[in-house]
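**Q** Take a look at this one; I'll ask things after.
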Amino acid sequence: MHNKTIAQISRDLAAGEYSSVEITQHLLDRIAQQDSTYNAFITVTAEQALAQAKAADENRAAGNASVWTGVPMAHKDVFCTNGVLTTCGSKMLSNFVAPYDATVVSNFNNAGAVSLGKLNMDEFAMGSSNENSFFGPVKNPWNHDCVPGGSSGGSAAAVAARLVPGATATDTGGSIRQPASFCGVTGIKPTYGRVSRWGMIAYASSLDQGGAIARSSEDAAMMLNVMASFDPKDSTCVDQAVPDYTANLNDSVEGLTIGLPKEYFRDDLSAEMQQQIRDAVAEYEKMGAKVKEISLPNTHLAIPSYYVIAPAECSANLSRMDGVRFGHRCEDPKDINDLYKRSRGEGFGEEVKRRIMVGAYTLSAGFYDAYYKQAQQVRRLVKNDFVAAFKDVDVIMGPTAPSPAFKAGEKTSDPVAMYLEDIFTIALNLAGLPGMSIPCGQINGLPVGLQLIGNYFNESRLLNLGHQFQQATDWHLKTPAGLV
Amino acid sequence: MALDQDQVRNIAELCRLQIDDSQIADYQKNLSSILDLVNQLAAANTDGVEPMAHPLDAVQRLRADLVTEDNQREHFQQIAPATDQGYYLVPRVVE
Amino acid sequence: MEWEVVIGLEIHAQLATKSKIFSGASTQYGADANTQACAVDLGLPGVLPVFNEEALRMAVKFGLAIDAEIGKKSVFDRKNYFYPDLPKGYQTTQLHHPIVGIGHIDIELDNGETKRINVTRAHLEEDAGKSVHEGFEGMSGIDLNRAGTPLIEIVSEPEMRSAKEAAAYFRKMHSIVTYLGICDGDLSQGSMRCDCNVSLRPKGQQEFGTRTEIKNVNSFRNVERAIEAEIARQMDILEDGGRILQETRLYDADKNETRGMRSKEVANDYRYFPCPDLLPILIEDNYIEAVRETLPELPDAKRHRFVKDHGLSATDAAVLAADRELAHYFETAAKLVNDYKLAANWVQGDVSATLNRLEISIGQLPVSAEQLGRILLLIKDSTLNNGGAKEVFNALVALGEAGKADSSVEKVDALVDSMGLKQVSDTGAIEAIVAEVLANNPKLVEGYLATPVEKRGKAMGPFIGLTRKAAAGVNPQVVMEVLKQKLEELG
């Protein structure tokens, strides 16, 4: 039962093959038995899940069912869930029972979905390996010595380990696509503004975007159908009709032009990785797509630009974590400054503190123009690269990450080495473009992800391309060795 | 670009982050290497390029001036570390 | 040495919106602590701001009223600092692209001249909450009801040269924002607060001296006193050859002195940057023109009109035009009686005295403008004499004090009747009364007739008294005439 996709579960529930309570219980049991291995969940909401499942079954019996009624899923712990612990992977929020629902959470609740709980993540979504969680690292189901990627490592690992068929996630610099790539699952980061950020605890507001991780493009489309909405509570959310993302899955890709940025295939990308990606692109050529080499000349500036903008925004976004109205508060503060400094010093992990400090430094008096303004100008250059490229091509493809999953502990002592993990993903966040990662091969038994980059609001095209690939290949069906 | 330890302490103070003296050297090293990374920006020619604050270059939507929120003090203060008579408590603030 | 005083003011005016600048919580003053602080105002994780259109409209209105350029693109920035009444750890404000650019207002000086004071800019921002230090056993209590209330911060050029000018500027700004209806102007509730930047320099010197900033002064009187106190303090230091420390100070009204603020000792680095949760506000010309259409007549224009069209003195006009409600009251009454001078005397006389005595604002006066107009009309047509008019006015006030206020015009006439204040002006009726008085007092008549002609005016007094005693409410003017005529007939 746990191998079923969202689409299959939806059909099975409709056909009465099993009830929502049955599949929910099955997955809860599986989580209880196996998650001690992966550490994908921070909180399992068994009681609530069963209540939701029961309600879903009743609704179905009463004839009030839609595609999502009774389908289980889980949320990254960055989304606020009313009455449920919402930690963001941090000690700072280890006691934070959110008093309201994120719009994404409401959307799933309203659709009738069953939430199994809250998924592990790098603290405040800062990290590329899920080793920065206060609740411990997450294991990659394909190889327990390897990281699942981050920051949505819990989401990707839970889906790969068949603990849940689909999970919400967020992506600020690659946090959906890179873990999807490392865990051999499908992840989509929509256009900035497509999914409401209300109730999604902010890391870097102008880069953060909610999205989905699932086992197929079709499932990702079904999730996006629920997640994407116009939300008047989010000033940056776009007031634009949400298409049915499943409607164009079967469109032909014949005649489409795929752009391959030469900067994504440089010599420092291993020959094996290059081969895997080129093989995947060849599948599309077989389907009638054309390939064109393009250039995104400012690619090398994306990471430096990101590591000014994201820390600057996070340094302000995380100032509200001050031990006054919610969250961790130190013992016996002697004055207000002591309260701030110890609550924050104890509540935040090292990577979070580093980014807050980098942000504060680059924004401080006298440095603004050299860092922040320059980074924003470079951000436009990066965006302009894509705007120019999309005049000639329909979609851009390349690797999601420079390598398959790396070993736990391998990069923890060198933050910059960890940052370079996001070399191929980060530029999309700067530009606000949609991107997707689908499994397209393996190296040494570890999955490799193909990244698909679309033009603004072209999620349907990405999902269509992902689906077509998954019709022609079975990489997305492969399961980690030893998975029971 | 290397930060010295006093700079690290000053930034930590600005951010209200307690950092043990034993960790200052680590922060010094890591922050310096991050700044080296971002200093690559200096090489970019950005003459005449409009800074980009938002990916979509969109404009602000306006909200009608309506009171839509009820009193939820009790609900919100359930998660507060310390409250009294409806106030959030902090160590005495001297002006 | 002769010193020149240099003063610039930063005025914070709370905008009179119903809801907050970025949330749907109420801005009503005086609610229980934290009952009007929603998730956004509390800065809970995951919340986001959405900008209130009315705050924008009000800010634009202000800009137009001070003849300022309106920022076609204005941007919200984050100003970062930690303080318990600042829930997000940053204040959302506008640094580089304020909604209102350079403008100006005119203030009236004691010598009757006007002086133009330039306004550097005015920007939108959110107010902070409040810290309460009493009643929490050595702790401070934080109330975030005020957090997120929309403010405009109006920054003047350092062009004021005395505490009096600064107070006049603050008063004029108060007058403008209340005229516009964008701020309730209630200083006691903190609806308008003023930061005063004060420095001294040797007369004739070009560059400015080191300034201090006196924070949060909240009355016209205190602006003047606080600045006077600070000037004296600085002068003492400078005369002794000392140096002024650039710092933030507080004014202690009880001791009439300023003192340095301990909490602001550490120089702040606010690390401003554009707020990524809010997008730039773009304003089109037609929006500006639509707002311009809604501008009311402003105090200066009204003052000039009172002088030019209605012949009021400059002083009367200035007093009556300064407050929108008072001006409106005055004009309503004046129009009804069609006598601006009479109305001006009454509003500055009995009306103002009553407001002062009861410590109320014009809006709370139990005598409506229509009622005053009616009273004045009754004076004009001789139905009431001045004393009777005052009696009616005071009776209406007394009703109000007793909680039985009746603002209808009919009430005036009813009181005139019930109090028997109507003057008898009918000559025939008065002739009959006078005849009776003369007939009943032959000795007085004899005495009168024996008085030399040039002294008879004074000798008429007793007859006037007797006549008015015989019939209350007779018009003394008419009585005089009739008496004169009758007595002359006699002798």
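No value in this document is a laboratory result; all are computed from the given coordinates. Computed from a prediction, not measured in an experiment: that's the story for all the values here. Every residue, glycine among them, receives a Cβ derived from its backbone with ideal geometry; neighbour counts consider all protein chains shown.
**Q** With only alpha-carbon atoms in the gyration tensor, what are the semi-axes of the equivalent ellipsoid for segment C:80-216, in Å, largest first?
**A** Taking √(5λ) for each eigenvalue gives 30, 19, 16 Å, largest first.
**Q** On to the next question. Mind checking segment A:318-355 for GluC sites (Glu not before Pro) that DSSP puts in a loop (not H, G, I, E or B) and that have at most 12 other Cβ atoms within 10 Å?
**A** The qualifying sites are A:E331.
**Q** OK, next. For a quick check: with amide H placed at 1.01 Å from N, whose amide H comes under 5 Å from A:G441's, ignoring anything fewer than 5 positions away on the same chain?
**A** A:V448
**Q** Dividing the convex hull volume of the alpha carbon atoms of segment A:187-262 by its residue count, what do you get in Å³ per residue?
**A** Looking at segment A:187-262, the number lands at 139 Å³ per residue.
**Q** Rank the residues C:V155, A:V352, C:V453 as a footprinting-exposure proxy: fewest other Cβ atoms within 10 Å of their Cβ go first.
**A** C:V453, C:V155, A:V352
**Q** Loop only by DSSP, 16 or fewer other Cβ within 10 Å of the Cβ. Give me the GluC sites (Glu not before Pro) in segment C:330-424 that pass, ordered by residue number.
**A** C:E359
**Q** Let me ask something additional. Order of A:208-216, A:271-279, C:30-38, C:65-73 by packing, highest average Cβ count within 10 Å first?
**A** My ranking of the peptides, most packed first, is A:208-216, C:30-38, C:65-73, A:271-279.
**Q** How would you order C:339-348, A:246-255 from highest to lowest mean count of nearby Cβ atoms within 10 Å?
**A** The peptides rank, most packed first, as C:339-348, A:246-255.
**Q** Mean separation of Cα pairs under 8 Å and 6+ residues apart, divided by the residue count of chain A: what relative contact order is that in percent?
**A** Value for chain A: 18 percent.
**Q** Decide, for segment A:1-136, between rounded, prolate and oblate: order the square roots of the alpha carbon gyration tensor eigenvalues as a ≥ b ≥ c, take rounded if a/c falls under 1.5, and otherwise choose prolate if a/b is larger than b/c, else oblate.
**A** Prolate.
**Q** Using the beta-carbon distance between A:F230 and A:D369 and R0 = 41 Å, what value does 1/(1 + (r/R0)^6) give for FRET efficiency, to the nearest 0.05?
**A** 0.70
**Q** Additional query: Rounded to the nearest 500, what is the 222 nm mean residue ellipticity of chain C from helices alone, with -39500 (n - 2.57) per DSSP H run of 4+ residues and division by all residues?
**A** Taken over chain C, the calculation gives -12500 deg cm²/dmol.
**Q** Here is a follow-up. Please report the net charge: other residues with Cβ closer than 10 Å to the Cβ of A:E17, K and R +1, D and E -1.
**A** Once all neighbours under 10 Å are counted, the net charge is 0.
**Q** What's the average, rounded to a whole number, of partner chain beta-carbon atoms within 10 Å of each residue's beta-carbon in C:24-36?
**A** What the average comes to for C:24-36 is 5.
**Q** Treat the count of other C-beta atoms within 10 Å as a stand-in for reagent exposure and order A:S19, C:S23 from fewest to most.
**A** Result, fewest neighbours first: A:S19, C:S23.
**Q** Here's another thing I want to ask about it. Could you pull out the pairs from A:K353/B:K29; C:K335/C:K484; C:K302/C:K411; C:K172/C:K215; A:K233/A:K373; A:K341/C:K20 whose alpha carbons sit more than 25 Å apart here?
**A** Pairs exceeding 25 Å: C:K335/C:K484; C:K302/C:K411; A:K233/A:K373; A:K341/C:K20.
**Q** Let's test the formula: R0 of 35 Å, r as the Cβ-Cβ distance of A:N82 and A:A14. What FRET efficiency results, to the nearest 0.05?
**A** 0.75
**Q** To make sure I understand the rule: partners must be aspartates and glutamates, Cα under 14 Å from the Cα of A:K76, and not fewer than 8 residues away in the same chain. Which ones qualify?
**A** Candidates past the 8-residue exclusion: A:D101, A:D122, A:E123, A:D171, A:D208.
**Q** A further question follows. Please give the residues of segment C:209-230, grouped as numeric ranges, whose backbone N is less than 20 Å from a label point set 7 Å along the Cα-to-Cβ vector of C:R243.
**A** Zone members listed by number: C:209-213.
**Q** May I ask for the equivalent-ellipsoid semi-axes of chain A, computed as the square root of five times each C-alpha gyration tensor eigenvalue and listed largest first in whole Å?
**A** 31, 30, 20
**Q** With unit charges on the beta carbon (Lys/Arg positive, Asp/Glu negative), name the residue among A:G193, A:P243, A:T257 whose Cα is farthest towards the positive pole of the charge dipole of segment A:181-273.
**A** Positive-end residue among those listed: A:G193.
**Q** Give me C:H328, A:H75, A:H476 ranked fewest to most by other Cβ atoms within 10 Å of their Cβ, as a rough exposure proxy.
**A** C:H328, A:H476, A:H75
**Q** Can you list which of the trypsin sites (Lys or Arg not before Pro) found in segment C:196-245 are DSSP loop residues with at most 11 other C-beta atoms within 10 Å?
**A** Passing sites in segment C:196-245 are C:K203, C:R243.
**Q** Give me a comma-separated list of calculated 3J(HN,Hα) values for segment C:474-484, in order, Karplus coefficients 6.51, -1.76, 1.60 applied at θ = phi - 60°, integers in Hz, x for any Gly or Pro.
**A** 6, 6, x, 4, 5, 4, 3, 4, 5, 4, 3
**Q** A further question follows. What does the highest-first list of C:376-383, A:397-404, C:443-450, C:40-47 look like by mean Cβ count within 10 Å?
**A** Packing proxy ranking, top to bottom: C:40-47, A:397-404, C:376-383, C:443-450.
**Q** Turning to a different aspect of this structure: Give me the distance in nm between label points sitting 7 Å out from Cα along the Cα-to-Cβ direction at A:D251 and C:S418, one decimal.
**A** Calculated label separation equals 8.2 nm.
**Q** Around A:V114, which amide H atoms from residues at least 5 apart in sequence, or from another chain, sit under 5 Å from its own amide H, with H modelled in the peptide plane?
**A** A:G70, A:V71, A:M73
**Q** If you don't mind, another one. A:L477 to A:Q275: FRET efficiency via 1/(1 + (r/R0)^6), r the Cβ-Cβ distance, R0 22 Å, to the nearest 0.05?
**A** For A:L477 and A:Q275, the calculated efficiency is 0.55.
**Q** In whole Å, what is the distance between the alpha-carbon centres of segment C:177-209 and segment A:60-92?
**A** 52 Å
**Q** A further question follows. I'd like the mean, over residues of A:338-344, of how many other protein chain beta carbons sit within 10 Å of each residue's own Cβ.
**A** Mean partner-chain Cβ count within 10 Å for A:338-344: 6.
**Q** Binned at 10 Å from 0, what are the whole-percent values of the Cα-Cα distance distribution for segment C:427-490, short to long?
**A** 22, 61, 17, 0
**Q** Any idea what the dipole of segment A:171-328 comes to, in debye rounded to 20, about its Cα centre with Lys/Arg Cβ at +1 and Asp/Glu Cβ at -1?
**A** For this selection, approximately 320 debye.
**Q** From other protein chains only, count the Cβ atoms within 10 Å of every residue's Cβ in C:50-58, then give the mean.
**A** 5
**Q** Next question. Between C:Q205 and C:D285, 0.36 nm times their residue separation minus their Cα-Cα distance comes to what?
**A** Extra length from C:Q205 to C:D285 when fully extended: 24.5 nm.
**Q** Hey, quick one: spin label on C:R305, modelled 7 Å out along Cα-Cβ, who in segment C:342-380 has an amide N within reach, i.e. under 13 Å?
**A** none
**Q** Once every Cα of segment C:297-418 carries one equal point scatterer and solvent is ignored, give the base-10 log of I(q)/I(0) from the Debye formula at q = 0.15, 0.16, 0.17 Å⁻¹, two decimals.
**A** -0.63, -0.72, -0.80
**Q** Right, here's the next one. If you take the square roots of the eigenvalues of the alpha-carbon gyration tensor of chain B and sort them as a ≥ b ≥ c, do you get rounded (a/c under 1.5), prolate (a/b over b/c) or oblate?
**A** Oblate, since a/c reaches 1.5 and b/c is not below a/b.
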